[in-house]
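The values are calculated or read from the model by the stated rules, or taken from the named source; none is laboratory data. Not measured: the values here are computed from a predicted model. Here the Cβ positions follow ideal geometry from the backbone for every residue, glycine too, while neighbour counts run over all protein chains shown.
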Amino acid sequence: MLPPYEVVRVLDFIHGKRIRRITKSMESRSAPGLRDRLRDLIAGRDAAGPSRQPRVIEEKRGLGKGLPRSMRTEIERYIRERETDPEWFDECVLQARKAMKRMYALLHIRPSERAQMILFDENPPKGSKLHALKQIGRAKSPAEQARVIAEQRIPYRVATSVIKKMTPSVLAALIDVMTPQEVINNMGSLRRRGVFDNDDLKDLVEQKLAAAQKDGRVSAYKAKKAVEKAGVSKDLAGKLDRVTETKLKAKGEIKRPTALLVDKSGSMDIAIDVAKQIGALISSLCTADLFVYAFDTSAYPIKVAGDVLSDWEKAFRGIQAAGGTSCGVALEWMRKKRQYVEQILMVTDEEENQHPFFIQTLERYSYDLKTQPNVCIVKIGRGSNQIQKGCQQAAIPCDVFRFEGDYYALPNLVPLLSKPSRVELLMEIMEYPLPKRKPR
């Protein structure tokens with residue numbers, strides 16, 4: 001089920017890969033004499049400055065292990081399955097040509113006659129999408145280019161690499177064959193090509209955005225990022241926001257009172273940024289109370305006026321990463337103010353070094369307010385596992401979501417927060433059907 005580039009990522013992680021980078025090293029030099037200056041001038045070097053010598057650095061990545069026979073078998077099945085479906089195979093090559101070639105070469109898989117022509121002989125057969133791509137590059141008129149794009153459904157990213165001049169007819173054909181997700185991913189490119197200045201083309205884009213709300217394959221967060229990056233007009237930004245809201249609500253409502261605790265101690269700038277994104281994602285889904293605190297060795301209540309990212313940016317204005325770390329101080333403040341929650345979402349690296357500590361404070365909070373909150377940690381960086389271990393020892397339910405820079409993965413927090421209990425989440429996992437190998 002994985003696309004080819006992800007299969008190759010798994011393959012390269014196990015097999016290992018050598019990456020070569022060329023750098024220019026700096027070598028200090030003493031003050032040059034007349035001969036040295038003349039030699040440098042003849043060679044085209046700056047005699048007064050340091051010399052720069054190119055240097056090749058080779059890095060090893062991955063495990064460097066032999067591939068299991070079962071994995072070789074499955075990848076060969078993966079390739080053969082696509083070879084038997086010419087249209088599917090062409091789609092894979094259009095989207096990930098290098099990945100497909102690497103699978104054949106690394107595992108010494110003999111390509112079929114058609115695959116050999118497309119990948120290695122550079123002579124795609126007539127009627128294939130690869131042959132159509134060459135026709136687009138040779139076409140003399142925009143109308144002919146648009147016809148080939150519409151007939152062969154050439155992807156936007158691939159077609160733009162061979163078409164030198166984008167006319168309205170070509171853009172209309174490209175938008176027509178794009179999926180809603182592709183439209184969202186390429187909003188900035190479409191804007192730069194003048195799509196939103198043409199009423200007909202803009203209508204086509206809006207139709208795709210309307211379809212995105214019902215398309216289960218559309219990423220919930222990419223529409224939000226498209227608003228930030230593409231610089232689109234307010235009406236299109238509003239439509240993209242509605243796509244995000246619809247996709248997030250489809251993941252579930254957060255019905256339990258929730259606390260969002262944000263570590264603002266030294267070097268936790270990334271935690272503050274991630275917390276803003278999480279807050280903007282979950283605030284519109286909360287039907288119960290949402291309490292927000294930033295903390296170092298003191299607690300700082302955060303009041304947010306709305307549920308869009310700009311509102312969260314304003315609310316966190318003035319919150320800077322500095323100070324020590326007491327993960328329990330915000331919870332202690334909530335205990336004293338009698339703020340009842342059933343789950344705690346904490347963005348931190350778990351490196352607490354000041355009283356009150358989190359586990360002891362959580363036990364006092366649970367006793368005083370007669371609740372047993374679930375804990376969900378958004379782990380930032382490679383810090384210790386103090387809080388996780390403490391939760392395990394105290395038999396406190398604890399989920400850990402490791403954030404490693406992928407903002408598009410943040411909507412995956414919603415199912416963790418929207419489940420009434422861990423038992424129901426476990427039952428849903430157990431009921432999910434396991435993948436089955438297809439019969440030969």
Subset of segment 274-303 [surrounded by fewer than 17 Cβ atoms within 10 Å (Cβ to Cβ) and among the charged types (D, E, K, R)]: Asp289, Lys303
Conditions (1) at pLDDT below 80; (2) closer than 25 Å to Leu11 by Cα; (3) hydroxyl-bearing (Ser, Thr, Tyr); number of the one not met by Ser30: (2)
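Residues to consider are Arg153, Arg97, Arg114, Arg102; find the one that is basic (Lys, Arg), at pLDDT 80 or above and at positive phi.
It is Arg153.
Restricting attention to segment 244-269, which residues are part of a strand (DSSP E or B) and either modelled with pLDDT under 85 or of a type outside the set (S, T, N, Q) (or both)?
If the condition is that a residue be part of a strand (DSSP E or B) and either modelled with pLDDT under 85 or of a type outside the set (S, T, N, Q) (or both), then Ile254, Ala259, Leu260, Leu261, Val262, Asp263 are the ones that fit.
Filtering segment 304-353 down to residues that are polar (S, T, N, Q) and crowded, with 17+ Cβ neighbours inside 10 Å, which residue is nearest to Ser384 (Cα to Cα)? It would help to see each step written out before you state the result.
Within segment 304-353, the first condition is being polar (S, T, N, Q), and the residues that meet it are 310, 320, 325-326, 339, 343, 348, 353.
Filter again for crowded, with 17+ Cβ neighbours inside 10 Å, leaving 325-326, 339, 343, 348.
Details: Thr325: 13, Ser326: 14, Gln339: 29, Gln343: 22, Thr348: 10 Å.
Among them, the one singled out is Thr348.
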Options Val304, Val292: the member that is modelled with pLDDT of 85 or more, β-branched (Val, Ile, Thr) and within 20 Å of Gly328 (Cβ to Cβ): Val292
Pairs with Cβ under 6 Å, 6+ apart, first in segment 45-74 and more than 24 Å from Arg21 (Cα to Cα), second modelled with pLDDT under 70: Ala47/Pro32; Ala47/Arg37; Ala47/Asp40
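The rows are residues; the columns are (1) modelled with pLDDT of 90 or more; (2) surrounded by 12 or more Cβ atoms within 10 Å (Cβ to Cβ); (3) touching a Cys at 6+ places or on another chain (Cβ under 6 Å).
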site: Glu363; (1), (2), (3): yes, yes, no
site: Val378; (1), (2), (3): yes, yes, no
site: Gln386; (1), (2), (3): no, yes, no
site: Leu416; (1), (2), (3): no, yes, yes
site: Tyr432; (1), (2), (3): no, no, no
Flag if Leu171 is touching a Leu at 6+ places or on another chain (Cβ under 9 Å), surrounded by fewer than 21 Cβ atoms within 10 Å (Cβ to Cβ), of a type outside the set (Phe, Trp, Tyr) and modelled with pLDDT of 80 or more: no
Any hit, segment 250-270, residues being more than 23 Å from Ile380 (Cα to Cα), of a type in the set (Gly, Ala, Ser) and in contact with a strand residue (DSSP E or B) (Cβ under 9 Å, 6 or more places away or on another chain): no
Single unsatisfied condition, Asp203 versus (1) crowded, with 21+ Cβ neighbours inside 10 Å; (2) more than 30 Å from Lys98 (Cα to Cα); (3) of a type outside the set (S, T, N, Q): (1)
